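The values are calculated or read from the model by the stated rules, or taken from the named source; none is laboratory data. Not measured: the values here are computed from a predicted model. In this analysis, Cβ positions are derived from the backbone assuming ideal geometry, glycine residues included, and neighbour counts consider all displayed protein chains.
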Amino acid sequence: MLRFVVKKVLLALSTLLAVSVITFGMFFAVPNNPAELMCGDSKNVCSPERIEMIERRMGLDKPIPVQYAEFMRGVFVGRTIGTGPTARDCPAPCLGFSFRSDEPVTGIVGRTLPVTLSIVFGAAVVWLVLGVSIGMVSALRRGSAFDKLAVGTSLVGASMPILLFGPLLLIGLVYETGLLGYPRYTPLTENPLAWASAMILPWFALGFLNSATYARLSRAQMLETLSEDFVRTARAKGLSKITVYGRHALRAAITPIITIAGLDLGAYLGGTVITETVFGFTGLGRTALNAALDLDMPIVMATVLLAAVFVVAANVLVDMLYAVVDPRVRLG
Amino acid sequence: MTEQEEGTLVETPGSAASSEASSSETTKADPYLQVRDLRVRFRTEDGVVRAVDGLSFGVERGRTLGIVGESGSGKSVTSLAVLGLHDPRRTEISGEILVGGRDVVGLSDAECRRLRGRDMAMVFQDPLSALHPYYSVGRQIAEAYRVHHPEAGRRAAWRRAVDMLDRVGIPQPARRAEQYPHEFSGGMRQRVMIAMALVNDPDLLVADEPTTALDVTVQAQILDLLADLQSEFNSAIVLITHDLGVVSQVADDVLVMYAGRAVEHGNVEQVLRRPQHPYTWGLLSSVPSLRGDASADLVPIRGNPPSLINLPPGCAFHPRCRYADRTDGRSSTERPELLPVAEAGHRVACHLPEVDRQRFYADEIAQVGVAP
Ligand SMILES: Nc1ncnc2c1ncn2[C@@H]1O[C@H](COP(=O)(O)OP(=O)(O)OP(=O)(O)O)[C@@H](O)[C@H]1O
Ligand SMILES: [Mg+2]
């Protein structure tokens, strides 16, 4: 088991290393010179001296591998960016400064990540609870009216883009009826109630749409599991229906669902651009998108790396969870 | 437990009738399992599948009934019906299945559940898929024990599980109990399955092709184990197989099924040595070991089993039967009843006159098989 974990973690770390190298390369592959970009923003004439000054200030005058090493060192132990009088201190985890606003990237991430985390975790609870329970009941009552309704609804849900569903919700619940106020993000630590009420719409939108996929998945998984021999064995032992379905069948059926949920979570944590945009939140996704449009490379780099960390971490967690759940993986 | 069950049996008036189905000599009690005119139908999109169509048999405690027949003849459907494991929404079951005098057919699932695993237990063909992959075998056996012994604590149930593993010949049972099904070999896994089935000392054990997935030597060990445990527990065993070699090793009685019906029923000696149904002859001719000469040509039964949705009229076997033309056309119009032959306890469903059957078998079938 320990070897398994170590192997997985090492694999994950090397993946992240590769992603960081590629992203860093991308940083320099973009056609614009960041120094020119910064300087062009101000009204000043971009004299070569000024560009050079900016480059020095940002440490862009050094060879690329050195810059990469410094960047990584900054992430883990912090660093000083630039030299001379313009040098700035950047404590770990240092992700550099925004080209546009000159604000520390860490600060930007610290502000926007909680928004995305709030949306994604809340929505995940909705889609897991709703989706899995509907799917399970559907499978156990295959062919019933409930099943037919669930299958039909989930087909609609699974094929509905949030780009359409989000605005529909806004129109239906906010603009036309005023049942809910237009969501305005409040940090959880500040006012939990305001936080939750702002999150209702994105939770429902993202949660409901995903629950359609999860309902279909759970239904299919459960149906497959119900035809397994070990379910028949459980019944032959004289176990109650609750034990047969709730323990024997569910345990086997839920495993692949957990896997997919973990991977989905990892992917969503990197940013939920559309959901954030539709409901007017500034989360990680929207920040990343804007940064990419602005060629604000430190932010792009930070958000891409962060997304990679989430995806890789989710993968490792799912693998470990799988090993905990399925002895064949653990011992095999 | 066993005494208690016998008590139940004696008190039940319903079980007093008809013992003619059981084989000759035993008179001590009515069969523990008594199936009468069992019919199992599945509604499918293509039509109604008559998987079992008027089947009757009985098995006494301490005896083993072998049910044989080609694939699709309704053996598994019968065994699942006995345990009450069919999905009631898709299955129509009629007739009687008396287990220790209680009719399983009429029971609600909750009532049936109390018999399952305690009075009657089942061993399935493929122990790898029949055991839950995520739970240790000890836990699965202990669970089977605790359902019917709610007063037993976890540790008592675990000890019982280890004890059962020991009884079925698994070395180091305490350590093995912690392991998962995939860590066992096929034969050991089937022993686990048997341990689980016997954990509550059931009076009836239904084993559906328990050795088909195993290689020959392991197969023999498992059959020996079943025989040993039977003499220990004095349970009634229904052994389903399509291997007549297995039947000749362990069964006391044999029921030959074709297309959901019994075509021949009797003790092993009668059915395997003096078979009277052309279908049984066909089955026997396709088993090398029983003919004493492994190199003799095997004669598969010509043709294919019929569709259970559209059974041929008359005798379901007649389109494949070499002797169908010797019954004055009755084979294709009239369904043969399972009727007693001259020898007590032996019953055959065939329109051929008994003398003809004996002559055909002696002259045309046994002759070929016995040739050195
Ligand atoms: N749930 C079901 N729905 C529809 N048809 C079924 C169902 N279960 C079994 N059958 C049909 O009933 C027939 C008898 O099946 P059964 O499993 O009893 O055969 P078997 O004698 O056990 O054969 P095998 O040796 O292959 O195990 C088959 O034709 C099968 O297709
Ligand atoms: Mg079968």
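With the condition kept exactly as written, say whether any residue in segment A:78-100 is β-branched (Val, Ile, Thr), closer than 21 Å to A:Ser197 by Cα, in a loop (DSSP other than H, G, I, E, B) and over 20 Å from the mean Cα position of the chain (by Cα).
no
So which of A:Ile242, A:Ile257 ends up being touching a residue at least 40 places away in the same chain (Cβ under 8 Å) and part of a helix (DSSP H, G or I)?
Numbers: A:Ile242 fails: touching a residue at least 40 places away in the same chain (Cβ under 8 Å).
The match here is A:Ile257.
Yes/no per residue for (1) at pLDDT 85 or above; (2) farther than 18 Å from B:His242 by Cα; (3) assigned to a helix (DSSP H, G or I); (4) hydrophobic (A, V, I, L, M, F, W, C):
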position	(1), (2), (3), (4)
B:Pro275	yes, no, no, no
B:Trp281	yes, no, yes, yes
B:Leu311	yes, yes, no, yes
B:Asp328	yes, yes, no, no
B:Glu343	yes, yes, no, no
B:Leu352	yes, yes, no, yes
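Filter segment B:187-223 down to the residues that are of a type in the set (Val, Ile, Thr) and either away from chain A (no Cβ under 12 Å) or within 16 Å of ligand 1 (Cβ to nearest atom) (or both) and list them by number.
Taking segment B:187-223 first, the residues of a type in the set (Val, Ile, Thr) are B:192, B:194, B:199, B:206, B:211-212, B:216-218, B:222.
B:Ile194, B:Val206, B:Thr211, B:Thr212, B:Val216, B:Thr217, B:Val218, B:Ile222, listed by residue number.
Enumerate the pairs (first residue in segment B:58-77 and of a type in the set (Asp, Glu); second residue anywhere and more than 9 Å from ligand 2 (Cβ to nearest atom) and part of a helix (DSSP H, G or I)) with beta-carbon separation below 8 Å, excluding pairs fewer than 6 apart on the same chain, so at least 6 apart or on different chains.
If the second residue must be more than 9 Å from ligand 2 (Cβ to nearest atom) and part of a helix (DSSP H, G or I), the pairs left are B:Glu70/B:Leu283.
What is the number of the single condition among (1) of a type outside the set (Gly, Ala, Ser); (2) within 14 Å of chain B (Cβ to nearest Cβ); (3) closer than 23 Å to A:Val115 by Cα that A:Thr275 does not meet?
(2) is the only condition that A:Thr275 fails.
Does A:Phe27 qualify as being at pLDDT below 85, aromatic (Phe, Trp, Tyr) and not assigned by TED's automatic domain parsing to the domain that holds A:Met301? Give the steps one after another, and end with the answer.
Values: at pLDDT below 85: yes; aromatic (Phe, Trp, Tyr): yes; not assigned by TED's automatic domain parsing to the domain that holds A:Met301: yes.
Yes: the conditions hold for A:Phe27.
Residues that are within 16 Å of ligand 2 (Cβ to nearest atom), at least 1 per element: which helices (runs of 4 or more DSSP H) completely within segment B:112-206 meet that?
Of the helices (runs of 4 or more DSSP H) lying wholly inside segment B:112-206, those with at least 1 residues that are within 16 Å of ligand 2 (Cβ to nearest atom) span B:127-130, B:186-198.
Does A:Ala220 satisfy the condition of being modelled with pLDDT of 95 or more, out of contact with any helix residue (DSSP H, G or I) (no Cβ under 6 Å at 6 or more places or on another chain) and part of a helix (DSSP H, G or I)?
Details: modelled with pLDDT of 95 or more: yes; out of contact with any helix residue (DSSP H, G or I) (no Cβ under 6 Å at 6 or more places or on another chain): yes; part of a helix (DSSP H, G or I): yes.
Against the criterion (modelled with pLDDT of 95 or more, out of contact with any helix residue (DSSP H, G or I) (no Cβ under 6 Å at 6 or more places or on another chain) and part of a helix (DSSP H, G or I)), A:Ala220 qualifies.
Could you grab me the full set of residues in segment B:48-90 that are within 14 Å of chain A (Cβ to nearest Cβ) and either assigned to a strand (DSSP E or B) or within 16 Å of ligand 2 (Cβ to nearest atom) (or both)? Outline the logic, then answer.
Taking segment B:48-90 first, the residues within 14 Å of chain A (Cβ to nearest Cβ) are B:76-77, B:79-90.
Selection gives B:Ser76, B:Val77, B:Ser79, B:Leu80, B:Ala81, B:Val82, B:Leu83, B:Leu85, B:His86.
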